[in-house]
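Enquirer: Input: one structure, supplied below.
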Amino acid sequence: MNAPPKRPAPERPGAAAFAPLELGVIVPTFKEAPNVAPLLAKLEAALRGVVWQAIFVDDDSPDGTAQVVKAIAARDSRVICLHRIGRRGLAGAVIEGALASAAPFVAVIDGDLQHDETLLPKMLKALQEDRADVVVGSRYLGVAGADASALGATREAGSRLANWLGRRVLRAPVTDPMSGFFMIRRDLIEAVAPDLATSGFKVLFDILASQKTPPRYLELPYEFRERHAGESKLDNGVVVQYLGLLAAKLSRDLISPRFIMFGLVGLSGVGVNLAILRLLLHIGFAQAQLIAALGAMTSNYLINNAVTYRDKRKTGLALLTGYIRFVVLCSVPLAANVAVATMVYERGPSWWVAGVAGAIVAAVWNYVTTSRAVW
């Protein structure tokens, strides 16, 4: 007797209506609440016919950006909010957003409406047709309308210098490796994600510099717009972070960007140490070196908190308690600092050689212990 034919498994209602996801748009945000709805309206208009999702990665904005995104996401399943607590930094936000997407291609666009979303379909087409692995929106192609004048004269000059340095490291003909507006194959980010720095703003440069095989580039010009609302998140700390990232890539990632930044801050601490030491030599070298070391320690803590660990920056009471832990941890090498400096000074070299010798002794201990116990 023949067994009855098996019935096909019932399909999920509406399953045939679901089209494959084509594009994930990553929008890192911090205090961009007024820009969320206008940006989504622009994406809707630009990406007609494309199956897309928008992933907003918000660093716990005090203006309620995450709540605005979630309210829209409750009505539109294409909108997703990754609300990060205790983590900050554009680079980390981009990485987390890209890894959260299931789309084969991801675009990164700022939430301040300064990037030209109408370029997204052209970027996507180039990737889908396999004409490139990365498509960069460039402000510096030298074509009409492609500039960064909206940055202001000072920031534009700094941006051009940063791009020049970046091209030297990448050894690739990319006019805008610092661009925050680009589209890329998601698997390229996944391949290097463990090696990427989560702090800083120059995530495209880091992604490109970390690839084992140079990707195929395509650049498209666009006009950098004026900010719609809110304020720029860029400051002088970003410059220091970028220099650290450049140095790390030149060392082939043997040295971490954070350690390099810690070292740069330490150099400034040496200057503070020497200045105070020279000022107080009249009270006796050992006493002056103790005060100078404490002054350098305080300077290093405040600058590292603002720059090196800006993604974990402490404020209010946490800033004070962090300083106390920093002082306690640094008290061990502080004794060695004073002892070594005094020994060197008593053997004849100039006061500044002795001061530098003492400062170097404490540097490595400070980085290893404070990076774990303070930040």
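The values are calculated or read from the model by the stated rules, or taken from the named source; none is laboratory data. All values derive from a computational prediction rather than experimental measurement. Using ideal geometry, Cβ is built from the backbone for each residue, glycine included, and neighbour counts are taken over all protein chains shown. All accessible areas refer to the heavy atoms of the entire protein, side chains included, with ligands and DNA or RNA removed. Shrake-Rupley method; radii C 1.70, N 1.55, O 1.52, S 1.80 Å.
Enquirer: Which numbered condition trips up residue 278, out of (1) at pLDDT 80 or above; (2) closer than 16 Å to residue 372 by Cα; (3) charged (D, E, K, R)?
Expert: Only one criterion is unmet by residue 278, namely (2).
Enquirer: Follow-up question, since we're still on this one. Taking into account only those residues within the stretch 34-76 that are acidic (Asp, Glu) and more than 15 Å from residue 111 (Cβ to Cβ), which is most open to solvent (accessible area, probe 1.4 Å)?
Expert: Going through the qualifying residues, I end up with 44.
Enquirer: Give all pairs with beta carbons closer than 7 Å in which a residue from the stretch 304-317 that is over 20 Å from residue 269 (Cα atoms) meets a residue that is open to solvent by 60 Å² or more (accessible area, probe 1.4 Å); count only pairs at least 6 apart in sequence or on separate chains.
Expert: 311/87; 311/88; 311/198
Enquirer: Which residues, taken from the stretch 182-198, are hydrophobic (A, V, I, L, M, F, W, C) and surrounded by fewer than 16 Cβ atoms within 10 Å (Cβ to Cβ)? Walk me through it before giving the result.
Expert: If we filter the stretch 182-198 for residues that are hydrophobic (A, V, I, L, M, F, W, C), which is where we start, we get 182-184, 188-189, 191-193, 196-197.
Residues satisfying the conditions are 191, 193.
Enquirer: Can you name the number of the only condition in (1) in contact (Cβ under 8 Å) with a residue 60 or more places away in the chain; (2) over 25 Å from the mean Cα position of the chain (by Cα) that residue 95 fails?
Expert: In the conditions (1) in contact (Cβ under 8 Å) with a residue 60 or more places away in the chain; (2) over 25 Å from the mean Cα position of the chain (by Cα), residue 95 misses (2) alone.
Enquirer: Which of the residues spanning the stretch 190-206 are within 16 Å of residue 28 (Cα to Cα) and not in a loop (DSSP other than H, G, I, E, B)?
Expert: Selection gives 203, 204.
Enquirer: Quick one: which of 170, 218, 204 is open to solvent by less than 20 Å² (accessible area, probe 1.4 Å), modelled with pLDDT of 65 or more and of a type in the set (A, V, I, L, M)?
Expert: Criteria check complete, one pass: 204.
Enquirer: How many residues does the stretch 258-311 contain that are among the small types (Gly, Ala, Ser), crowded, with 19+ Cβ neighbours inside 10 Å and farther than 30 Å from residue 88 by Cα?
Expert: 3
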